[in-house]
Amino acid sequence: MPYILALDQGTTSSRAILFDQAGQIAAVAQHEFQQFYPQPGWVEHDPIEIFLSQLSCAVEALGKAGAVPRDVAAIGITNQRETVVIWDRATGKPIHPAIVWQDRRTAPACAALESAGLGDEVSNRTGLVLDPYFSATKIAWILDNVPNARARAENGELAFGTVDSWLIWQLTSGPGKATHVTDVTNASRTLLYNIVRGAWDDELLRIFNIPASLLPEVVWSSQNVGEVTTTLGLGGIPIAGIAGDQQAALFGQLCWTAGQAKNTYGTGCFLLQNIGTEFIRSKNRLITTLAASAQHRLEYAFEGSIFIGGAVVQWLRDNLNLISTSGDVEALATSVPDTGGVVFVPAFVGLGAPHWDPQAAGTIIGLRRETQPGHIARAALESIAFQVADVLEAVQAETTPLAALRVDGGAAVNNLLMQFQADILGVPVVRPQVTETTALGAAYLAGLATGFWAQPEELRLKREGDTRFEPKMSSEERAQRRHQWNRAVERSRHWSE
C-alpha cells in the first residue's frame, strides 16, 4: 500500500492529496464550492456540496496517480473548524445550511453571555473566548430557528458535527454503520468541550442550551475510527487520522516540542505555538487549544486566529476584478515599489486575535489620485503579514522568543509576502519544500495510526529543502510601518455598532 490519502476540506475548496512513503505529493485534486451570504455578516455552505466535492476530489486524485483503493493504507481528514452542520440521523440529510466559522450572526448572543459574566467560566473550561467564531452559539441558533429542531434534538433524532464529523458520517454511512465521531482538536473548538478534563462539559451544555444527544463521540487524532463504505469509490480504506486544519498543520510542521510555532496562510491565517502538556490560559486574548498528538494524550497550543488572510486576495479577484487568478497578485503587487502610503485592513468579518472585534469593518486608507491597482494589491498582501505580526507579538509576550517562524498554506508560496513577513517580524521565516502541511499533518496522523510510518522520528528525517527568508528591514522602518498599521486598525474598529 504505497499511499496515504489526505482529505483537506477547506473553507472555499475541497482538496485530496496522495502522499507517498517519503512524504512527497503523488497527486492532487481540488474543487472550489459555492459560498452563500444570505445577510451581511452571514456565511453559509451547502453540506451536501461539501461532501460531494470532497468525494469527487478523492476519486480524481486516485485516478491521477493510477491508484485504486487497495493502494491506500489509510485516509487522514483535516477540515475547516468551528463550522456547524446538523443533520437527521435517519436520513443523513442536513436540516439547515452549514453555518461557517466566519459567520457573525450570533455576535449578540455572545455579547449577552459576556454581559452575564460567563466569559471567564467558559474560558477556564475551554481555553476559548465568547465569540461567534466558535460552534456553540451557531448550534443553538439552528435549534432555535429551524422549526421543530430543538424538540427533535432533545428526542435524539438529530446529530451535530463539525465538518470532520459530517464527512465521516457520510463516508461510513453503509447500512447500520454510520460513525458519529470527532477528534479532540475539533471538539476543542466548539465551546462545549472541557480541554482540561478532556470531555464534553455538562455546565457548558447548560450555558449554551444544547442537548448532549446531538454530540459525537470524541476520539484521538491518530486512531482508526472505521472504513469507507464500499459504494463510494474508496471502499474499505480505513479512516485513521482526524485533525482541525490548523492543528494538522502544526503536526505537519513537526512542531511537537513546546516553543515551536507555525503560521498557516489559508483563507484565514492561524498562528499556533506548542506550549506542552499543561493547560495555560492566555493573558493576551489568545486562544488555548488542543494540539493533535500521536501519543494519545492532551497537548496544548496557543493560537491566534486571523479571519481574513488569503481571502483578501480572492476579494481582489472576485469583488474588484483586479486579477484573473489568485496567483496573479504577486506580479501586480511587484509592479509598484511600495504601497504608496495605502494601508488595507481586511476586517470583512470583524477582527480576530488579538483584537476580537466582531464589529470592525474592512478599511482601505491612504488613497490618493496617483493610487494604482498595484498599490492596493501590495497593501492587501502586506495586511496579511501585519495581522500575523499582531498575533505573534501577543504570543511572544507569554512565551520564549521564536528562533524562526515556520510557514505553510497557499499564500506561503508568495515570495513577496514571505519576505515582507520576515521583515515586519524581525525573525527568519522558514518555508518547507512541501507547503501543503495541513494535508501532510493529516496524512502523518493516519500513517502513524496504521503503521505506514513506524514512529514520529522517522518523519523528521524526511523533511528537507526548506527555504529561509531573512529579515532585511531596519528596526526604525519596522516600527514606523507597524505604527501606521496600528493607526489604520483603530480606524476600522467598532464600525458596525
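The values are calculated or read from the model by the stated rules, or taken from the named source; none is laboratory data. None of the values given here were measured: they were computed from a predicted structure. Cβ: placed from backbone, ideal geometry, glycine included. Neighbour counts: every protein chain shown. These accessible areas exclude ligands, DNA and RNA; they are computed on the full protein's heavy atoms, side chains included. Shrake-Rupley method; radii C 1.70, N 1.55, O 1.52, S 1.80 Å.
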Pro132 being under 24 Å from Gln359 (Cα atoms) and either touching a His at 6+ places or on another chain (Cβ under 9 Å) or modelled with pLDDT under 95 (or both): yes
State all residues of region 296-309 that are assigned to a loop (DSSP other than H, G, I, E, B) and at pLDDT below 90; if no residue qualifies, say none. Phe307
Inside region 434-456, can you point out the residues that are within 22 Å of Arg468 (Cα to Cα), in a helix (DSSP H, G or I) and either of a type outside the set (Ser, Thr, Tyr) or at pLDDT 95 or above (or both)? Ala439, Leu440, Gly441
Cβ-Cβ under 9 Å, sequence separation 6+ or interchain: first residue in region 189-202 and in a helix (DSSP H, G or I), partner open to solvent by 10 Å² or more (accessible area, probe 1.4 Å). Which pairs? Asp202/Ala212
Name the single residue that is surrounded by the most Cβ atoms within 10 Å (Cβ to Cβ) among those in region 111-131 being in contact (Cβ under 8 Å) with a residue 60 or more places away in the chain and not in a loop (DSSP other than H, G, I, E, B). Thr126
Return the pairs, sorted by first residue and then second, in which the second residue is aromatic (Phe, Trp, Tyr), the first residue lies in region 309-322 and is surrounded by 24 or more Cβ atoms within 10 Å (Cβ to Cβ), the beta carbons are less than 6 Å apart, and the residues are 6+ apart or on different chains. Gly309/Tyr265; Gly310/Tyr265
Check Gly276, Gly266, Gly236 and return the single one that is within 22 Å of Asp466 (Cβ to Cβ) and among the small types (Gly, Ala, Ser). Gly266
Report, by residue number, each residue of region 171-196 that is at pLDDT below 95 and either among the aromatic types (Phe, Trp, Tyr) or open to solvent by 30 Å² or more (accessible area, probe 1.4 Å) (or both). Ser173, Pro175, Gly176, Lys177, Ala178
Taking region 231-246, which residues are buried (at least 23 other Cβ atoms within 10 Å of the Cβ), in contact with a Ser or Thr (Cβ under 7 Å, 6 or more places away or on another chain) and modelled with pLDDT under 95? Asp245, Gln246
Scan region 35-42 and give yes if some residue there is farther than 26 Å from Thr229 by Cβ, touching a residue at least 24 places away in the same chain (Cβ under 8 Å) and buried (at least 18 other Cβ atoms within 10 Å of the Cβ), otherwise no. yes
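Quickly run through region 56-71 and pick out the residues that are open to solvent by 10 Å² or more (accessible area, probe 1.4 Å) and not in a loop (DSSP other than H, G, I, E, B).
If the condition is that a residue be open to solvent by 10 Å² or more (accessible area, probe 1.4 Å) and not in a loop (DSSP other than H, G, I, E, B), then Ser56, Val59, Glu60, Gly63, Lys64, Ala65, Pro69, Arg70, Asp71 are the ones that fit.
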All positions within region 1-53 that are touching a Phe, Trp or Tyr at 6+ places or on another chain (Cβ under 9 Å) and assigned to a loop (DSSP other than H, G, I, E, B): Met1, Thr11, Thr12, Asp20, Gln21, Gly23, Trp42, Val43, Asp46
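The rows are residues; the columns are (1) aromatic (Phe, Trp, Tyr); (2) at pLDDT 95 or above; (3) open to solvent by 30 Å² or more (accessible area, probe 1.4 Å).
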site	(1), (2), (3)
Gln54	no, yes, no
Ala73	no, yes, no
His96	no, yes, yes
Trp101	yes, no, no
So, in region 448-490, how many residues would count as being of a type outside the set (D, E, K, R), open to solvent by 50 Å² or more (accessible area, probe 1.4 Å) and in contact with a helix residue (DSSP H, G or I) (Cβ under 7 Å, 6 or more places away or on another chain)? 0
Is it the case, given these coordinates, that Ala403 is more than 25 Å from Ile275 (Cα to Cα), hydrophobic (A, V, I, L, M, F, W, C) and either outside any helix (DSSP H, G or I) or at pLDDT 95 or above (or both)? no
